[in-house]
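Since the structure comes first, as C-alpha cells, the remarks are kept for the end.
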Amino acid sequence: MSTSWLVPDVDDPDSAGFWQHAARGQLAVQTCAECGQRRMPPRPMCFRCHSLAHRWEVLSGRGTIWSFVVVHPPLLPAYEAVAPYNVIVVSAREDPQIRFVGNLVDGPDKPFFQTDLQQLRIGAPVRVVFQEQDGVYLPRWMLESAET
Amino acid sequence: MEIKDRTAIVGIGQTQFGKGLPDTELSLACQAIAAALDDAGIAPRDVDGLVMFSMENGREVEVARNLGLGAITYFGEVGYGGGAGCAVVGHAAMAVATGQCRVAVAWRARKRAAKSSRPWANVAQRVGGAAQWSRPFGLLRPVDEIAMLTRRYMFEYGATREHLANVALACRKHANRNPQATFYDRPLTREQYMQARWISEPLCLFDNCLETDGALAVVVTSAERARDTRQPPVYIHAFAQSIPPQCQPMTNYFCEDPLRGPAWDCAQLLWSKSDFQPKDVRVAQIYDAFTPLILLSLEGYGFCGRGEGGPFTENGALEWPDGRLPINTSGGGLSEAYVHGFNLILEGVRQMRGTSTCQVPDAPCCLVTSGEGVPTSALLLRRAT
C-alpha cells in the first residue's frame, strides 16, 4: 500500500512533454502539428487527421472551475491524513473543452489541503501555479481574485 | 441477422453474499454456475460456451475443469468492470444465436469486501496512463470520479441531494423485502441519509454501493431448447453495448459533453432492436454503483428528457409497488449486493419469471443496464407469454 503522495510517471512517452513544460512553469496542451486539433489527455495520433506529429502549445494558464469535489476518508494514508481536501476540474480559457484536474490553492506555496473550501464555486476564474512534489511539478490553481 | 428472442436465460444461480467469505473467486464462480445449471436442469457436459468479465480471476479452463464441462467451442470476455455485465450475457446470446455454441454460461465472481482488496488501495506511487491526470491530485476512488460529474450535473440541471436520496431509499426499501439482500433487515430513513458522513462531496455514504463477496451466473440457450428446460424461459429480446466517441472511463471530463455518458448510444441501439420502447417498460434494473448514475441512466435510456432525471425520481416513482418505474427490485448494488451489477441481471430474470420479492405484475419486459461512466451494455429481457 502506498504511504506517500502519488506522482505522475513523467517518462510516459505521450505525456512527457506536458510534464517538461510544467517543470518550466508552463501549462501546455498537446496539439496536432498538421491540423491544429488540441487533445487532452495526450495520445499518439490526432483523432481528426491521423497525423502522428504534434507540438506543445503553451496556454495562458487561465481558466474557470468546471466542477469540484471535497474528498473525505477512507483514503490512501498520505491523503487521509490531510482530508478533507478539494479537487477541481478546470476548463482552459482558450478552449473550454480542454480540461485539467487539479486543486484550488490559496497561494503559490500553500498546500492544497489547507484551502478555504468556502471559495469553491463552479465558474470561478482561476490561474495556474506549479507546485513541486517528489521532483514533479503539478499544475494547481489559484482564484484570479486571490492576492499573490 | 437479428438475435431478438432467439435465445433465453434458462438458469440462474448465486452464492451467498458476504464479507470475508473463505472461498476463492474461482470457487465462488463454480458454485454459482453449478447452481445455475441445476436451476436450468442442464447437464454440465452440455455447456459449450463461456463468457466472462476480463477482470475475472478464475479462468475459463479452470471453470471448465472444476465443473466437468464438455468441449467449449465459444469463449470470450468483456472488459471495463461494471460495464460488462449485460455484455457477457449478450455475447452468450449472440454465440448461441449464430450456432457457435448451444449452451453458454456467463458469470461474475468478486471478492471486494476486504478493504485491502479495493484497487485504489494498491496503486503504485508513480501513476501512468489516464490515471496520471487525476490521481496525483487526490482524485483516488471511483466515488471521487463520479462525484466530480455529479457536482457539474447538479449545477447544470438543478438536481438535489433529495433526488439522490430518492434513489438510495427506493433501493433500500426493495432490499428490505429480499431475504438474500445484505441490508434486508436494515431500513434507511431520509434523515439518516441527510445526516450521513460525506465520502466525496456532494456524495455521502449512502450514495455508494456495497462492497460484497459473492458470485452469480446465468445459463443461455436457444429459444427452441428453452421450451424443454425446468424454468419458464426469459427471452433475450434486445442487447446493446457502447463506447461513445472520445470516452474516457470514469474520468470522462475531457470530451465535448461529459454528462452524456455511454448510456445514450447504448440505448439508441437497444431500442432500435426492440419491439418495446421506454414507455412500455414498467420495471428496470439500473446499474447503481453510485446514486447519480441512476439519474444519468434514466435520461440516457429515454425515460425522461435531458436534465430531468432528478425530478423523475420524485413522488416515489422508483419504488415498488406503485411507482411509475420500480428499479432495482432486489435492492440493487446499493442495498442487495455489489457484484459488478450482475445481481441486477438475475433480478431481471426473476421479474420475468414472476418470482421477485417486489414483483411487478404483468410487466412484459425488464430493462437491465450495466455501468454508466464506463463502456457499457444493456439487455431488454422479455417474459414468456
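The values are calculated or read from the model by the stated rules, or taken from the named source; none is laboratory data. Quick caveat: nothing in here was measured; it's all calculated off a predicted structure. Here Cβ is always computed from backbone atoms with ideal geometry, including for glycine, and neighbour counts include all displayed protein chains. Surface areas here come from the heavy atoms of the whole protein model, side chains and all, with no ligands, DNA or RNA. Shrake-Rupley method; radii C 1.70, N 1.55, O 1.52, S 1.80 Å.
Here are some notes:
- Per-residue mean of C-beta atoms belonging to partner chains within 10 Å, peptide A:97-107: 4
- Theoretical FRET efficiency, 1/(1+(r/R0)^6), r = Cβ-Cβ of A:M45 and B:S54, R0 35 Å, to 0.05: 0.90
- Rounded tilt (10° steps) of B:263-272 against the dominant C-alpha axis of chain B: 40 degrees
- Reachable aspartates and glutamates from B:K273, criterion Cα separation under 14 angstrom, eight or more residues apart if same chain: B:E2, B:D5, B:D265
- Calculated from backbone phi, Karplus (6.51, -1.76, 1.60) coupling profile of region B:34-43 in Hz, x at Gly/Pro: 4, 5, 5, 5, 5, 4, 7, x, 10, 6
- Remark on region B:193-213: accessible area falls by at least 10 square angstrom from chain-alone to full-complex state for B:R197, B:W198, B:I199, B:S200, B:E201, probe 1.4 angstrom.
- Solvent-accessible heavy-atom area per residue, rounded to whole Å², over chain B at 1.4 Å: 35 Å²
- Accessible surface buried once A binds B (1.4 Å probe; total of both sides; Å²): 3800 Å²
- Surface composition of chain B: carbon and sulfur atoms hold 49% of the protein heavy-atom accessible area at a 1.4 Å probe.
- Taking all Cα pairs closer than 8 Å and separated by 6 or more residues, the relative contact order of chain A comes to 21 percent.
- ³J(HN,Hα), Karplus 6.51/-1.76/1.60, whole Hz, each residue of region B:150-164, x for Gly, Pro: 5, 4, 5, 4, 5, 5, 6, 10, x, 5, 10, 5, 4, 5, 5
- Rounded to the nearest 0.05, the FRET efficiency derived from the C-beta distance between A:A53 and A:I122 at R0 = 25 Å is 0.10.
- Per residue, the average separation of C-alpha pairs within less than 8 Å and at least 6 apart gives region B:280-385 a relative contact order of 32 percent.
- Projecting label points 7 angstrom from Cα along Cα→Cβ for B:Q277 and B:E156 puts them 2.5 nm apart.
- Estimated FRET transfer efficiency (B:T73, B:D5; beta-carbon r; R0 22 Å; 0.05): 0.45
- Inter-chain neighbour count for A:63-69: the average number of beta-carbon atoms from partner chains within 10 Å of each residue's beta-carbon is 6.
- Amide hydrogen neighbours beyond the local backbone of A:Y85, cut-off 5 Å, H modeled: A:V71
- Spin-label proximity, B:E224 to region B:25-49 - amide N less than 18 Å from point 7 Å beyond Cα toward beta carbon: B:46-49
- Taking the accessible area of chain A, probe 1.4 Å, and keeping the other protein chains in place, the carbon and sulfur fraction comes to 48%.
- Note that region A:98-111 has calculated 3J(HN,Hα) couplings of 8, 10, 10, 7, x, 9, 7, 10, 8, x, x, 10, 8, x Hz, one per residue in order, obtained from phi through the Karplus relation 6.51 cos²θ - 1.76 cosθ + 1.60 (θ = phi - 60°); glycine and proline are x.
- Summary value for region B:171-220: 19 percent relative contact order, contacts being C-alpha pairs under 8 angstrom separated by 6+ residues.
- For region B:154-254: rounded, prolate or oblate by the Cα gyration tensor [a/c cutoff 1.5]: oblate
- Positive end of the dipole of chain B (Cβ unit charges, origin at the Cα centre): among B:C101, B:Q16, B:P364, the Cα lying farthest that way belongs to B:Q16.
- Per-residue shielding of B:140-152, expressed as the average number of other chain Cβ atoms within 10 Å of the residue Cβ, stands at 5.
- Charged side chains reduced to their Cβ positions (Lys and Arg at +1, Asp and Glu at -1) give the protein assembly as shown a dipole of some 420 debye around its Cα centre.
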